[in-house]
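Below you'll find the structure, written out as structure tokens, and then a few comments.
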Amino acid sequence: MSKIALVLSLTLLSGVASLRCDAAVVYRSSEGWSVEGDAASADTGSAVAQMRYAEDLEAKGDDIGAYKACKVLVKRYGLSMLAPKAQRKMGVLLQKHGDYDKAFDAYNGYLTKYPQGSDFDSVVEQMFAIGKLFLEGQKKKVLGVPTTASMGRAQAMFESIVKSAPFSKYAPLAQFNVGQALEKQGKYPEAIKAYQTVVTKYAGDAIADDALYQVGYVRMQETREGSYDRASVAKARESFEDFINRYPESEKVSQAKDNMKSLEGGTTKSALEIARFYDKTKQHRAAVIYYNDVIKSQPGSPESEIAKTRIEEMKQLYGEDALRAGPERTETGARAAQRRKLQAKLDTASRPDYVGPPVVVPEEKIDKGPGGKPKLRTSPSKIGPAVEPELPSTPDPDLPKPPE
């Protein structure tokens, strides 16, 4: 770089520095905006003229013209002291006419370009207000026409506030509302993570207790809307217990306790629903098993009384034997011997090196009396205990011999 170019560069830099340090933006009702100080330059004067032009248009009711004038000022005189004011004015004009989506972007441009601006806090406040509108159902405009509410857009707005203004007073609330937007979208794992960020990152803020409560509440919603999962129920209960222990003075403690009671009855309600399903599909033995599970797990509860009543009704309708769990038929000694014999044949025939004849499963012989009906035992003396036969000492001749 030549010496002349170096001198010119240093001169320009010193001029900008002196403008930032010594100049001041002043607003007078009779004169409008002006820049005062020892280092006012020609560019500064042009920015002042442009700002006055924008205000004249706004005063005449030409908000569109005023918006365009501010946009030109930011583009041409981005280093002037009036550029942040013009950037903020763009957001104000858009918000005035209900174009909240673009207004938010204009305000966000202020935070990005001018993080040291004097209107930083008020801009964040307006951004938060617009985000709340979208969270409450404000419709997004497409080509100037309102379409549908967008929780995704609300989520992005609050995430932008947290990113651009992490130390502002609205940052904890914005992070909490990120969780709210995700929860409304049904993205429960992401919502839980957003709420937990509030608890860990902004533990000293008043919103932290609400965030921890929401962690338990969202987990409870998961157990209600998804398939029943004991692990999810346990996590939800632990979250509420953590909330009560850490914030015992919170107004939501009583609600948290009620939610825990509801979770405790979740297993009972799930078992009762399963029992009713089996009852409806005529699978009475399975229904009784789950009805008894309800009675054992929550004795004295309304659900257990329902289960007891239904079991008694089923006993009257079908008899106790039909409801008793166990095999359908008692296996006698003769039947056991026949089963073992048949099983041995089947196991042998299933071997890959078996070359014998196919195994035919014999039909069970029933001793029939006159008329073709099975004989009935007429006295208890004819009923003997089930006796297992002795195992054969010699191989069954009916079975094929294994290959040598």
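The values are calculated or read from the model by the stated rules, or taken from the named source; none is laboratory data. None of these values were measured; they are calculated from a predicted model. Cβ sites come from the backbone with ideal geometry, for glycine too, and all protein chains shown count toward neighbours.
Given the structure, is ALA69 assigned to a helix (DSSP H, G or I), out of contact with any Phe, Trp or Tyr (no Cβ under 8 Å at 6 or more places or on another chain), aliphatic (A, V, I, L, M) and closer than 23 Å to ALA47 by Cβ? Judged against the criteria, ALA69 is not a match. Of all residues in segment 151-168, count the ones that are free of Cβ contacts under 8 Å to residues at least 12 places away in the same chain and either outside any helix (DSSP H, G or I) or within 21 Å of the chain's Cα centre (by Cα) (or both). So the answer is 3.
The single condition from (1) at pLDDT below 75; (2) basic (Lys, Arg); (3) buried (at least 17 other Cβ atoms within 10 Å of the Cβ) that ARG329 fails is (3). Screening segment 105-123 for residues that are of a type in the set (Asp, Glu) and within 35 Å of the chain's Cα centre (by Cα) and picking the one that is farthest from PRO166 (Cα to Cα) gives ASP105.
Just one of (1) assigned to a helix (DSSP H, G or I); (2) among the hydroxyl-bearing types (Ser, Thr, Tyr); (3) touching a strand residue (DSSP E or B) at 6+ places or on another chain (Cβ under 9 Å) fails for SER80. It is (1).
Cβ contacts < 7 Å: first residue touching a residue at least 12 places away in the same chain (Cβ under 8 Å), restricted to segment 190-204; second residue outside any helix (DSSP H, G or I), any location; separation 6+ or different chain. Result? Short answer, once both residue conditions are applied: VAL198/ILE207. Quick one: would you say GLN221 is outside the structural domain of LEU133 (by TED's automatic domain parsing) and not charged (D, E, K, R)? The answer is yes for GLN221. Remark: SER2 matches the filter, which requires a residue to be surrounded by fewer than 14 Cβ atoms within 10 Å (Cβ to Cβ), at pLDDT 50 or above, among the small types (Gly, Ala, Ser) and farther than 30 Å from PHE134 by Cα. Being farther than 21 Å from PRO248 by Cα and either at pLDDT 95 or above or buried (at least 24 other Cβ atoms within 10 Å of the Cβ) (or both) holds for only one residue in VAL178, VAL198, and it is VAL178.
Scan segment 242-255 and give yes if some residue there is acidic (Asp, Glu), closer than 21 Å to THR223 by Cα and either modelled with pLDDT of 80 or more or not in a helix (DSSP H, G or I) (or both), otherwise no. Scanning segment 242-255 turns up at least one residue that is acidic (Asp, Glu), closer than 21 Å to THR223 by Cα and either modelled with pLDDT of 80 or more or not in a helix (DSSP H, G or I) (or both).
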